[in-house]
Amino acid sequence: MTSPTPAPGSVALITGGTGGFGRALATKLRALDVTVVLADLDSERNRQVAKDLDSHFVVLDVTDRAANQAVVTQVEAEHGRLDAAFLNAGIAGKSRETLDVDEFLRVVDIDLFGVVYGTEAALPALRRAGGGSIVVTASLAGLSPMATDPGYSVAKGGAVAFVRSMAPRLVGEDIVVTAICPGFADTAIIDPIREEFEKAGFPVLTAEEVADAMIAAWTSGEPGAAYIIQPGVGAVPYKFKGVPSAKTRSGETAVVPEALRPPGMR
Ligand SMILES: NC(=O)c1ccc[n+]([C@@H]2O[C@H](COP(=O)([O-])OP(=O)(O)OC[C@H]3O[C@@H](n4cnc5c(N)ncnc54)[C@H](O)[C@@H]3O)[C@@H](O)[C@H]2O)c1
């Protein structure tokens, strides 16, 4: 993926914006003269992070559907437009051995429904801006499920499926929806397992490498693409294998009914 730069003066919203990826992304976007709004849980620390990064802060719990809409309304009111929404907030599960359904639901609520609500909220503003981009932070776990974290795997797999489902219908409106699928990266989310990587000499990504891929997904991402980011590999689009098409009684490949195809393929 190449990375032309976003137009200076563009406005970007980053959910989970004061975390590791959010901070790295905000730093790079501010250097490109993008107005950055970091949306995250309310804390003094998070407000200070935004200030330190010359970015704006808005309080957002991404599981609150109405709050997602209020944040986008605020961004438009204060900055005039929204060009890119990075739906990046996320947590991982902690129960590696047992299926903890309460934890499962909490992870899916944040990592999947947070993305759905964020998309719902951002779309009208992106339309008003004449087009734009939604970049969803999924995970490699969304393509290759982790046996130690079923909730995370389902949420991230769902996020990838959501991106692939939404993208085709928005192409005609110049709104590009993509997912990034990083492998393990050096942020607070891997604190509980960091030692295991160090002991095994297992390479992890830097947040900066992921932020570069997020920017490239904004500026040159293909609609519906899921970009894998791995140490030593860089950012590459995942090649979905597809499924066998239905055959008619006479053995020909059946054509999907027009109403079920995305607008551009009717
Ligand atoms: N670091 C990795 O190894 C890795 C790999 C693949 C994907 N990811 C994904 O990247 C995204 C960013 O994570 P990170 O690595 O920067 O970790 P991080 O823990 O540093 O950042 C996550 C951020 O999300 C915020 N957040 C959590 N719950 C929230 C909620 N309900 N509403 C709003 N914000 C909330 C946190 O406050 C935090 O700022 C997450 O979606 C994560 O699942 C991380």
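So here's what we get for this one:
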{"item": "Selection within the range 173-186 - more than 16 Å from the chain's Cα centre (by Cα) and either within 10 Å of the ligand (Cβ to nearest atom) or outside any helix (DSSP H, G or I) (or both)", "result": "Asp174, Asp186"}
{"item": "Only listed residue being farther than 20 Å from Ala84 by Cβ, open to solvent by 10 Å² or more (accessible area, probe 1.4 Å) and not aliphatic (A, V, I, L, M), chosen from Pro192, Pro168", "result": "Pro192"}
{"item": "Boolean, Val72 is in a loop (DSSP other than H, G, I, E, B) and buried (at least 16 other Cβ atoms within 10 Å of the Cβ)", "result": "no"}
{"item": "Restricting the range 129-155 to residues that are outside any loop (DSSP other than H, G, I, E, B) and hydroxyl-bearing (Ser, Thr, Tyr), the residue that is nearest to the ligand (Cβ to nearest atom)", "result": "Thr137"}
{"item": "Selected residue (only one of Leu170, Leu126 is over 23 Å from Asp61 (Cβ atoms) and more than 10 Å from the ligand (Cβ to nearest atom))", "result": "Leu170"}
{"item": "Residue check, Asp111 more than 16 Å from the ligand (Cβ to nearest atom) and surrounded by 20 or more Cβ atoms within 10 Å (Cβ to Cβ)", "result": "no"}
{"item": "Odd one out for Asp83 among (1) out of contact with any Ser or Thr (no Cβ under 8 Å at 6 or more places or on another chain); (2) under 17 Å from Trp218 (Cβ atoms)", "result": "(1)"}
{"item": "Unmet criterion (only one of (1) in a helix (DSSP H, G or I); (2) of a type in the set (A, V, I, L, M); (3) open to solvent by 30 Å² or more (accessible area, probe 1.4 Å)) for Ala211", "result": "(3)"}
{"item": "Residue in the range 80-93 that is open to solvent by 50 Å² or more (accessible area, probe 1.4 Å), over 19 Å from Gly151 (Cα atoms) and modelled with pLDDT of 95 or more present", "result": "yes"}
{"item": "Residue count for the range 1-31, restricted to those that are open to solvent by 40 Å² or more (accessible area, probe 1.4 Å) and free of Cβ contacts under 8 Å to residues at least 60 places away in the same chain", "result": "4"}
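The values are calculated or read from the model by the stated rules, or taken from the named source; none is laboratory data. These figures come from a predicted structure and were not determined experimentally. Virtual Cβ from ideal backbone geometry, glycine too; neighbours counted across all protein chains shown. Ligands, DNA and RNA are excluded from the accessible area calculation, which covers all protein heavy atoms including side chains. Shrake-Rupley method; radii C 1.70, N 1.55, O 1.52, S 1.80 Å.
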